[in-house]
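Structure, as structure tokens:
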Amino acid sequence: MKKLYLLVAGVWLLSSCQSLKKERYDVLIHNANIINVEAGTVTQDQLIAISKDTIQVVEASAGKRKYKARQVLDAKGKFVMPGLWDNHVHFRGGDSLIEENKDLLPLFLASGITTVRDAGGDITPSVLTWQSQIQEGDLAGPTIFTSGPKLDGPKPAWPGSIKVTNSTEIEAALDSLQVLGAQYVKMYDGTLSSEAFYEIIKAAEKRGLKTTGHMPMSADLMKAIDLGLDGSEHLYYTLKACSPLADSLTALNLGYGMMDKIIETYDPALAKHVFQKLRTNNVFITPTLYIGRTLAQVADVDHSQDSLLAYIGPRIQRTYRGRVESAKRAKASGSTFRQKMENQTMKMMVPMFDAGVNLLAGSDCGAFNSYVYPGESLHGEPRMLVEAGLSPQQALTTSLVNGPKFFGQEKFYGSVGKGKVADLILLDKNPLVSIENASGINAVITKGKVYDRKALDKMLQALKK
């Protein structure tokens, strides 16, 4: 009997040691108020245990179980939610801008953005290197999902794009994107024909590749959706589909010159049908409202004293001149197109959201897009969505819920729970009460590392030019 007792005790001791070993984590967060953005709820006084990049435990802080960790945070009075996603950014500008693009990465983290969707550029090898280094924890920056080079027509609008004019070239282009490891396909309408646009969608659909981007103004969004289009960047193409004159204006081959008339003839009843089709086919729309407003005002606003300008490299700053000069020319000609565009698209946000359309928050920041600063500009997008009539909770879903949803990654992102990727932000105030509170970043946790406010500010200080 004594031997049996000793055996049982030994098994219990071994089991206890193994249990204790399992309960050592990289990061422990106590007393957290966890925000469930999708549900719009807050669960108070929670403990979160993290190993490497994965949440292992979420339970009440008052629980009896004890844990040990390399780093322990007391989040009393703070609010924890998943890190934000910027679903439309650009790394570009050629070899001479590689280092200045790399210097943008900490700007995202400092603003609580732990994931970005790169929408194409001309420094893809560098982006892929950063992607790997960030994933391994060797480089501070957001997780990067990238399209690789854009697909465009015979005379691409942007350097680094792949020229496609027929099925053979399209298949070869998709082959190259898959070899690179691109996570989706980005199309651009510089000289892309409607026929090639449709063919890309069909060919990518057969390969199981996501497609999004610009649409040639000669193409039909509704047809593209039927072929399997997964997303559309900016609102020109959705807006065009909401005008009963779209077909007749397309026949005139006006390009973007038709947009004034498209805006004037916007039909709410037709729009309701378009939105229903977008929802039914799970199409994601990235409005990019903030950059629209920034560029609409760029001819009149003096950005020379912007505090964030100090973190932008001089070569990238020089790329801003093109948009400024273009805006000045438009102003001199009396054009009010951008103001009209903003007025109409802001009116579309609530009907689109209420219809169940998947809206994606994306800033369109990067070289050439003047004064749209990485990090800060993403916060401008949900602020404008709230201004348009969405609640703070609804606006936040367009970033950290719908971002993962586009890639089918809801199992790993979008909420704070066991098994989820531990990309988290600690906020000083509840963003469900005011969207402005989403900017009050107290700390960022990603790849098993904690960046408190002091560390984030130190990162920013190192970038000052």
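The numbers here are math on the coordinates, done by the rules we state, and not lab data. Treat the numbers as computed from the prediction; the structure is a model and nothing was measured. Don't worry about glycine lacking a Cβ; one is built from the backbone with ideal geometry, like all the others, and counts go over all protein chains shown.
Values for this structure:
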{"quantity": "Cβ-based exposure ranking for Ile34, Ile162, in which fewest neighbours within 10 Å come first", "calculated": "Ile162, Ile34"}
{"quantity": "Global form of the stretch 82-406, assessed from the alpha-carbon gyration tensor, a/c cut-off 1.5", "calculated": "rounded"}
{"quantity": "The stretch 79-232 shape via C-alpha gyration tensor axes, a/c threshold 1.5", "calculated": "prolate"}
{"quantity": "Value at 222 nm in deg cm²/dmol, rounded to 500, when DSSP H runs of n ≥ 4 in the chain each add -39,500 (n - 2.57)", "calculated": "-12500 deg cm²/dmol"}
{"quantity": "Reachable lysines from Lys411, criterion Cα separation under 22 angstrom, eight or more residues apart if same chain", "calculated": "Lys52, Lys210, Lys420, Lys447, Lys449"}
{"quantity": "For the stretch 193-282: rounded, prolate or oblate by the Cα gyration tensor [a/c cutoff 1.5]", "calculated": "oblate"}
{"quantity": "Charge context of Gln44, other residues only, Cβ under 15 angstrom, K/R +1, D/E -1", "calculated": "0"}
{"quantity": "Förster radius 56 Å - calculated FRET efficiency between His30 and Glu169, Cβ distance, rounded to 0.05", "calculated": "0.50"}
{"quantity": "Anchor Lys340: aspartates and glutamates whose Cα lies under 15 Å away (excluding residues fewer than 8 positions away in-chain)", "calculated": "Asp260, Glu264"}
{"quantity": "Loop trypsin sites (Lys or Arg not before Pro), the stretch 401-440, which have at most 15 other Cβ atoms in a 10 Å radius of their Cβ (DSSP)", "calculated": "Lys411, Lys418"}
{"quantity": "Theoretical gain in end-to-end length, Ala330 to Asp306 [0.36 nm per residue, Cα-Cα removed]", "calculated": "6.3 nm"}
{"quantity": "Whole-number percent relative contact order across the chain, with pairs defined as alpha carbons under 8 Å at least 6 apart", "calculated": "19 percent"}
{"quantity": "Computed lengthening from Glu436 to Asp457, 0.36 nm per intervening residue step minus Cα-Cα distance", "calculated": "5.6 nm"}
{"quantity": "Theoretical FRET efficiency, 1/(1+(r/R0)^6), r = Cβ-Cβ of Val42 and Leu254, R0 45 Å, to 0.05", "calculated": "0.35"}
{"quantity": "Rounded tilt (10° steps) of 268-280 against the dominant C-alpha axis of the chain", "calculated": "40 degrees"}
{"quantity": "Local electrostatic count, Leu424, Cβ distance below 12 Å [Lys/Arg +1, Asp/Glu -1]", "calculated": "+2"}
{"quantity": "Full-extension gain in nm, Glu195 to Thr129, via 0.36 nm per residue minus C-alpha separation", "calculated": "20.4 nm"}
